Amino acid sequence: MARLSEKFHACLHELSGRYPARRALLLPALHMAQKEIGWLPPDVIGEIAAALEIHPAKVVETASFYTMFNLGPVGRHDVRVCTNVSCSLRGAERILEHCERKLGISAGETTADGRITLHDEECLGACGTAPAMSVDGKYHENLDLLEVDRILEGLH
């Protein structure tokens, strides 16, 4: 049984004219599927593979390489704290530890109420405005612990 919508398949078909090979649609397909479902469960991976006429292992290979794709269930809010060099030098570990204490979870886990999934992100590309974190795709930069508290308390 298909889990992805007719809209997903119509968009994939519409995009196919822009790409030289069906496999080239893999990243857009993964983004669209995750936006629709929230994560990429095995049956959705299989559906994407069938739609693109590639082996499911190729889909998993790609989805597991990029940190923006979720291969497990996630909370309603996706919080990613950058811990790369620039952010680390400006206190990212302290921010991540603060988030873990405040939320009662470790990086890679979801709060018991399913509200927030916390990630330790390798790099958000915001080195000039470190430390940074992404919340549901929106960047928050030049962070301090008070600002982190304000952001987390605003997530319902």
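The values are calculated or read from the model by the stated rules, or taken from the named source; none is laboratory data. As the structure is a computational prediction, the values presented were derived from the model and not from experiment. We place every Cβ from the backbone using ideal geometry, glycine too, and count neighbours over all the protein chains shown.
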With respect to the numbered conditions (1) part of a helix (DSSP H, G or I); (2) under 16 Å from the mean Cα position of the chain (by Cα); (3) surrounded by fewer than 17 Cβ atoms within 10 Å (Cβ to Cβ), which one is the sole condition not fulfilled by G114? (1)
Hey, S106 small (G, A, S), assigned to a helix (DSSP H, G or I), surrounded by fewer than 18 Cβ atoms within 10 Å (Cβ to Cβ) and not assigned by TED's automatic domain parsing to the domain that holds E36 or not: no
Do we have any residue at all in segment 142-154 that's part of a loop (DSSP other than H, G, I, E, B), among the polar types (S, T, N, Q) and in the same structural domain as C87 (by TED's automatic domain parsing)? yes
What are the residues in segment 117-143 that are charged (D, E, K, R) and either crowded, with 20+ Cβ neighbours inside 10 Å or touching a residue at least 24 places away in the same chain (Cβ under 8 Å) (or both), if any? D120, E121, E122, D136
Kindly indicate the residue of segment 117-131 that is part of a loop (DSSP other than H, G, I, E, B) and small (G, A, S) and also nearest to D144 (Cα to Cα) among those meeting that condition. A130
What about I45, is it farther than 23 Å from S134 by Cα, of a type in the set (V, I, T) and either in a helix (DSSP H, G or I) or touching a Pro at 6+ places or on another chain (Cβ under 6 Å) (or both)? yes
Over segment 62-85, the set of residues surrounded by 19 or more Cβ atoms within 10 Å (Cβ to Cβ) and among the hydroxyl-bearing types (S, T, Y) is T83
Going by the conditions given, is A49 in the same structural domain as G38 (by TED's automatic domain parsing) and either closer than 20 Å to E36 by Cα or among the hydroxyl-bearing types (S, T, Y) (or both)? yes
Candidate set from segment 74-92 (those that are in contact (Cβ under 8 Å) with a residue 40 or more places away in the chain and in a loop (DSSP other than H, G, I, E, B)); member that is nearest to the chain's Cα centre (by Cα): V74
Inspect all residues belonging to segment 41-60 and state whether any of them is within 26 Å of G108 (Cα to Cα), small (G, A, S) and within 12 Å of the chain's Cα centre (by Cα). no
So I54 fits all but one of (1) out of contact with any strand residue (DSSP E or B) (no Cβ under 6 Å at 6 or more places or on another chain); (2) part of a helix (DSSP H, G or I); (3) of a type in the set (V, I, T); what number is the exception? (2)
Against the condition within 25 Å of D78 (Cβ to Cβ), modelled with pLDDT under 95 and surrounded by 14 or more Cβ atoms within 10 Å (Cβ to Cβ), how does I45 come out, does it pass? no
